[in-house]
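For reference, the structure discussed in these notes is given below.
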Amino acid sequence: MTGLADHSHGIVAGIDVGGTFTDLIVLDMKRGAVKIGKVPTTPEDQSQAVLDALSGSGYRPSEIDLIVHGTTTTTNALLERRIAKVGMITTRGFRDVIELGRRTRPNPYGLFGTFIPLIPRNLRLEVDERIEASGRIRTPLDEEGLRAAARTLIEAGCEALVIHFIHAYRNPVHEDRAEEVLREIWPNTFITTGHALLSEAREFERGVTAAVNAAVQPILQRYVERMGGELRRGGYARDFLIMNGNGGTTSSSLVAREAAKTVMSGPASGVIAAARTAGRAGYTNLITYDMGGTSTDAALIRGSRPLISNELELEYGMPIHVPMVEVHTIGAGGGSLAKVNSAGLLEVGPQSAGSMPGPICYGRGGDQPTITDANLLLGRLDPARLLSVDEEVPLATVEEVFRANLGDRLGLSAVEAAGAVLKIANLKMAGAIRMVSVAKGNNPRDFVLYAFGGAGPLHAAAIARELGVPRVMVPPRPGITNALGCIVADLQQDYVNTVNTAVRDIDPDQLNGIIKMQVAAGLDALGEESITPVKIRIEHSLDMQFVGQTHLIRVPISGLVSKMDDIQALFEEAYYSRFRVRLPEVRANVVNVNTSVIGVRQEVPLDDLIPREGRAPTLDKALRERRQVWFDGKWLETPVYDRERLPLHAQIVGPAILEQFDATTVILPGDIAEGDALGNIMITIKSVADERH
């Protein structure tokens, strides 16, 4: 495939695969046109939904200059344990590190719960080698034993291999030599060395991260090859980009090397889109709220920069310690199932109807009440405007299911049960937002709630009231925001190296040497990409703690270090900002050195996501109908507007419903919604506004 140096005047497609829908946005800079699409996700082969979305766009692959793709292939493979068979070769005496973990339990109370490591014990083999924590070689690498272990794993049917030696983060010479030796006999390229992916001291996290990478490498590689082949058959002759969990992108030809970095890439792309689009409107401090069909993702953006974490735990016993946008996910989406549990209490999620069979109203055989069905029953959704409905289901059928499954057991009518489903769901989603705001020392009142996803704008105003957030921002195309994030994301390579030394004991030259090495590696990696960035931006930070602490605080630094006293002062300020406590007498510790090398791509225009020529001259011309909608226990006659025809600066006093192809926005009674010049809708929340006055 050939690269593409500049797509500023071309046609760019962003595609994001979600649990229920696959979203598409095509920006045609040649004609100034925008095309969006949503098709049901095909879980058995995600590439089919991608191709379906492209074929429905009116653009042939041969016409598109660049495709950027966010995929849940690796995330789903891990969660469902549909992974490759992996073997591990490790230091003698340490084969059980990834199973022993941190001596925690799957369930905090009782003696129940199971944990199955990604690599079973019989596929974890040992060899003689030992490097001390100082980096000194104590026991040389047994190369014959290494070859014998590899042959055993090949005979056992292993497709991918992890080389994980105990102190390789300090001195990787044995891991590097082992890889060199085993490249000669391993039948494919799927070899992961722990230090190359994560040069971190903690052997459990480093080993599991390497195991994750190896487990999904073959799956991702096959997916990329299949997708690339289909695109080539359609005439697309270039490489395409894949989203990573850090909010950046990388070429599909390179992505499988570090496949673990694509985990949680879907949620990350939405956060990146929020930072870019809200920043253009002048809002830099955001709480992002992304509600799709299967789950809800919440994240925090400060100063237009998403928070980044190296400590994702996808599930119990599966830490993935590579830099990722810090997103908190819960099982609450439009397809989340509602039920009355054995204690007689109403539960919503985490189980989901997904895309198949989907909610009852999709007409695909779903027979359990969902959040989408509750919104439909309460008049917030129009049954005639639902996407991907196979067979129209009468509203009376939905009502009967709510009455039989929920209402009769709770002593409520079907409509009251639907209202209760929304209240429970909103409380769960508000809890997720508290985890990324209040739990991190941030007051939600100081932020704008940025609502997106196909279902986010339906619930955002109610959640803002629950949290005391004064304003909600709904972007022009909330339902395809994740796909938009694919288009605006830059190329990015992240590096982490462990120091784990008290500040006063560090030589600045030691830190600077690591920083220079990371920058050089990042520049080399960008040089391999198929896309040429317009400029390169480099960012540095340190993961720090007080000596003796466990948790880390990320401290940004400007670049090379001259005085360690400055590092101590930066940490104390970061600690005070987080905890409002000053402890100058306690020594600080530098744990990790982090560098991000970012290849900034050509900026794409986002002004006309909803074409201006289609907007009505006055608000009443955008009115579709008036219908009865349920708010706080009573039906209110509510105007329903065509969002895509609203005048740019329209002002609407709730209650009101805004409908568009990709989402529906609910404006609660007393709230005020106003449009801005970029097509965003800003909703001022009545109860919070009243309190402030």
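A few comments on the model shown:
- The condition of being closer than 26 Å to residue 656 by Cα, without any contact (Cβ under 8 Å) to a residue 40 or more places away in the chain, among the hydroxyl-bearing types (Ser, Thr, Tyr) and in contact with a helix residue (DSSP H, G or I) (Cβ under 8 Å, 6 or more places away or on another chain) holds for only one of 336, 388, 413, that being 413.
- Within region 585-629, the residues that satisfy the criterion of being assigned to a loop (DSSP other than H, G, I, E, B), open to solvent by 20 Å² or more (accessible area, probe 1.4 Å) and more than 23 Å from residue 441 (Cβ to Cβ) are 602, 603, 605, 607, 608, 611, 615, 617, 618.
- Some residue of region 70-80 being over 24 Å from the mean Cα position of the chain (by Cα) and not aromatic (Phe, Trp, Tyr): no
- At least 1 residues being in contact with a His (Cβ under 9 Å, 6 or more places away or on another chain) is the threshold, and among the strands (runs of 3 or more DSSP E) wholly inside region 32-107 those reaching it are 66-70, 86-91.
- Qualifying residue in region 97-118 (condition: open to solvent by less than 30 Å² (accessible area, probe 1.4 Å), β-branched (Val, Ile, Thr), under 31 Å from the mean Cα position of the chain (by Cα) and over 16 Å from residue 215 (Cα atoms)): yes
- Only one of 214, 178 that is of a type in the set (A, V, I, L, M), touching a residue at least 60 places away in the same chain (Cβ under 8 Å) and under 27 Å from residue 526 (Cβ atoms): 214
- Taking the criterion of being open to solvent by 10 Å² or more (accessible area, probe 1.4 Å), under 30 Å from the mean Cα position of the chain (by Cα) and not acidic (Asp, Glu), the only residue of region 159-187 that qualifies is 169.
- Of all the numbered requirements in (1) open to solvent by 20 Å² or more (accessible area, probe 1.4 Å); (2) under 19 Å from residue 170 (Cα atoms); (3) not aromatic (Phe, Trp, Tyr), residue 471 misses one, and that requirement is (2).
- Residues within region 630-674 that are open to solvent by less than 20 Å² (accessible area, probe 1.4 Å) and more than 33 Å from the chain's Cα centre (by Cα), tallied: 2
- Hits in region 8-31 - residues which are crowded, with 24+ Cβ neighbours inside 10 Å and either at positive phi or in a loop (DSSP other than H, G, I, E, B) (or both): 18, 20
- Where a residue in region 278-292 is part of a loop (DSSP other than H, G, I, E, B) and its partner, wherever it lies, is hydroxyl-bearing (Ser, Thr, Tyr), with Cβ under 9 Å and at least six apart: 283/304; 283/450; 284/304; 285/304; 292/20
- Yes/no for residue 65 being open to solvent by less than 40 Å² (accessible area, probe 1.4 Å), closer than 30 Å to residue 487 by Cα and among the charged types (D, E, K, R): yes
- Condition check for residue 141 on (1) open to solvent by 50 Å² or more (accessible area, probe 1.4 Å); (2) closer than 25 Å to residue 200 by Cα: one failure, at (1).
- Matching residues, region 548-579, being aromatic (Phe, Trp, Tyr) and assigned to a strand (DSSP E or B): none
- Among the residues making up region 529-579, those that are aromatic (Phe, Trp, Tyr) and touching a helix residue (DSSP H, G or I) at 6+ places or on another chain (Cβ under 9 Å) are 546, 571.
- Candidate set: region 482-515, residues that are in contact (Cβ under 8 Å) with a residue 40 or more places away in the chain and open to solvent by 40 Å² or more (accessible area, probe 1.4 Å); chosen: the one farthest from residue 275 (Cα to Cα): 504
- The numbered conditions (1) in a loop (DSSP other than H, G, I, E, B); (2) within 26 Å of residue 555 (Cα to Cα); (3) open to solvent by less than 60 Å² (accessible area, probe 1.4 Å) are all true for residue 582 except (3).
The values are calculated or read from the model by the stated rules, or taken from the named source; none is laboratory data. All figures in this text were calculated on a predicted structure; none of them were measured in a lab. As a convention, Cβ positions derive from the backbone with ideal geometry for all residues, glycine included, and neighbour counts pool all protein chains shown. Surface areas here come from the heavy atoms of the whole protein model, side chains and all, with no ligands, DNA or RNA. Shrake-Rupley method; radii C 1.70, N 1.55, O 1.52, S 1.80 Å.
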